[in-house]
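Engineer: Before anything else, here's the structure in question.
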Amino acid sequence: MLSIEQLNSLKEIDWQNPIKLILINGRQKKVFLKLEEFCNQLTKAIHHLSLEYSKEILVGYPALKLDNIYYLAMPVDEWWPPFFSAIKAIAIGKTELEENDYEALKKITSSLNIKVMVSKASPLCPWAVNFSNQAAIVNRLIKTYIIDIDLYPKMKKHYQITATPTVIINEDYILVKKEVKDIIDWIIKASKKIYDSTVFKSLLKEARAKRVVQLCLEKREIPDALLNLLLDLELPSRIGTMVVLEEISKEAPALIENIIPKLLSMLKLPDKRDRGDILYILGLIGTPEIIPTLEDIASRETEELEGIALEAIENIKNRTLVH
């Protein structure tokens, strides 16, 4: 499973701290036995390593626990280098992170969990694994889960993973493929519960519009960071935001009333596409009170936007009659 060269590299570490490898819950017997074989090979070769068995409530089973890092994956082949780096960092008491990243992670005071969804298809996966592992070693409030979606297909289905690596921090902060290079910034955002336009855009891109609706309902507001996505350059962000606003209009109409002035002000924007989209969403969520404003806009707009404005008015009237 591991080569003599790989085992020798562990022996060359200047060990300062012994390490416990912990196998958790023996479901998926075949995977568990492979993990056990892997651990036995390590502990037989390195006396600083020991193996224990435990039970713990996790996102999936079985798992290999290394300090604050949980492997739902086999740490071999391309996954061996980041696993080795984690062992070395714990053993010598020093990570390989740059000082700025180290200090930023050390200052985090809230609990975070980082799920790194990986597969052999992407060369970026080992990098994402390594950084996430090192982050968990720096700060005990951070837990990292390395999940091989090929080995744990239920996890792939549950989190609707379509590309790797996908990094999910505290469920709401999602990075996919090349975006993982920004992981340090997103860890800090998650620790401070910052929901800016990039976070909302990421949730919408990953088909999590329901979660965005839930966040707005919980906070009892629709933030500008979300409304600004109505003007995003990418069409999925615009459409996703419209879906969210339409759903909120059904569940919490008062929240929609609060953003109508902002939407009306957007009708002064120079871009025709922007104005057209705002008129369209006003037709879906607007109230009868704005009809005179829309009529005035229709009289002054281009033929195309006049049609959208008149359709918006008709939609508002129809919804009012239904209710």
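Engineer: Given the range 198-322 reduced to its alpha-carbon atoms as identical point scatterers, what log10 I(q)/I(0) does the Debye formula return at q = 0.10, 0.23 Å⁻¹?
Structural biologist: With no solvent term, the Cα-only Debye profile gives -0.29, -1.40.
Engineer: Dipole magnitude of the range 104-262 about its Cα centre, charges +1 at Lys/Arg Cβ and -1 at Asp/Glu Cβ only, in debye to the nearest 20? Spell out each step's value before the answer.
Structural biologist: Details: 25 positive and 18 negative charges, 123 e Å.
The calculated dipole for the range 104-262 is roughly 580 debye.
Engineer: Further question: Can you tell me the dipole magnitude for the range 4-194 around its Cα centre, using point charges on the Cβ only (Lys, Arg +1; Asp, Glu -1), in Debye to the nearest 20?
Structural biologist: On the way: 26 positive and 22 negative charges, 146 e Å.
Roughly 700 debye, rounded to the nearest 20.
Engineer: For a Förster distance of 35 Å, can you work out the FRET efficiency between the beta-carbons of Q16 and D182, rounded to the nearest 0.05?
Structural biologist: Values: r = 33 Å, r/R0 = 0.93.
So, using R0 = 35 Å, E works out to roughly 0.60.
Engineer: If you don't mind, there's one more thing I want to ask. H47 to D196: FRET efficiency via 1/(1 + (r/R0)^6), r the Cβ-Cβ distance, R0 41 Å, to the nearest 0.05? Don't jump to the answer; show the numbers that get you there.
Structural biologist: On the way: r = 49 Å, r/R0 = 1.20.
Plugging the Cβ-Cβ distance into 1/(1 + (r/R0)^6) gives 0.25.
Engineer: To continue, here is another question. Assuming a ≥ b ≥ c are the square roots of the Cα gyration tensor eigenvalues, decide whether the range 17-86 counts as rounded (a/c under 1.5), prolate (otherwise, with a/b larger than b/c) or oblate. Can you show the working numbers first?
Structural biologist: Details: a/c = 1.44, a/b = 1.32, b/c = 1.09.
Note, shape of the range 17-86 comes out rounded.
Engineer: Just E301, E98, E36 to compare: in a GNM of the chain, with alpha carbon springs under 10 Å, which one fluctuates most?
Structural biologist: E98
Engineer: Let me ask another. Report, in listed order, any pair from K106/K192; K120/K181; K55/K156; K29/K156 with a Cα-Cα distance greater than 21 Å.
Structural biologist: Numbers: K106/K192 14 Å; K120/K181 18 Å; K55/K156 23 Å; K29/K156 19 Å.
Where the Cα-Cα span goes over 21 Å, the pairs concerned are K55/K156.
Engineer: May I pose another question? If packing is taken as the average count of other Cβ atoms within 10 Å, what order do 262-269, 275-282 fall into, highest mean first?
Structural biologist: On the way: 262-269: 14.9, 275-282: 21.8.
Most protected by this proxy first, the peptides run 275-282, 262-269.
Engineer: Enumerate the residues in the range 80-114 having an amide nitrogen under 16 Å from the point lying 7 Å beyond the Cα of L2 toward its Cβ.
Structural biologist: It comes to 80-92, nothing else.
Engineer: Please compute the alpha carbon radius of gyration of the chain, then divide it by the globular-protein estimate 2.2 N^0.38 Å. Two decimals is fine. Walk me through the numbers on the way to the answer.
Structural biologist: On the way: Rg = 25.4 Å, N = 323, 2.2 N^0.38 = 19.8 Å.
Its radius of gyration relative to the 2.2 N^0.38 Å reference: 1.28.
Engineer: Also, quick follow-up: For the range 138-268, taking Cα atoms only, what is the radius of gyration to one decimal and the Dmax to the nearest whole Å?
Structural biologist: Rg, Dmax (Cα atoms, Å): 16.2, 53.
Engineer: Moving on to the next point. So what's the back-of-envelope 222 nm ellipticity for the chain, counting only DSSP H runs of four-plus at -39500 (n - 2.57) apiece and dividing by all residues, rounded to 500?
Structural biologist: Value at 222 nm, helices only: -16500 deg cm²/dmol.
Engineer: Note the count of lysine pairs whose C-alpha atoms are less than 23 angstrom apart in the range 198-322, limited to pairs 8 or more residues apart or on different chains.
Structural biologist: Taking the range 198-322 as the scope, the lysine pair count is 16.
Engineer: Lys/Arg Cβ at +1, Asp/Glu Cβ at -1, dipole of the range 198-322 taken about the Cα centre: which of P292, L226, I308 is farthest positive-ward?
Structural biologist: Working it through, the farthest residue towards the positive pole turns out to be L226.
Engineer: Rounded to the nearest 20 debye, what is the charge dipole size of the chain about its Cα centre when +1 sits on each Lys and Arg Cβ and -1 on each Asp and Glu Cβ? Write out the running numbers ahead of the final one.
Structural biologist: Numbers: 43 positive and 45 negative charges, 293 e Å.
Here the chain has a charge dipole of around 1400 debye.
Engineer: Counting other Cβ atoms within 10 Å, which GluC sites (Glu not before Pro) in the range 138-211 have at most 16 and lie in a DSSP loop? Walk me through the intermediate numbers first.
Structural biologist: On the way: sites: E171, E179, E206; in loops: E171, E206.
Passing both the DSSP loop test and the Cβ count: E171.
Engineer: Amide H to amide H, which residues 5 or more places from Y71 or on other chains are under 5 Å from it, using H placed in the peptide plane?
Structural biologist: Hits under the 5 Å cutoff: L64, K65, L66, I146.
Engineer: If you don't mind, another one. Among bridges DSSP assigns within the chain, what percent are antiparallel (round to 5)?
Structural biologist: Close to 45 percent.
No lab work stands behind these numbers, since they all come straight from the coordinates. As the structure is a prediction and not an experimental result, all values here were calculated from the model. Cβ atoms come from the backbone with ideal geometry, glycine included; neighbour counts cover every protein chain shown.
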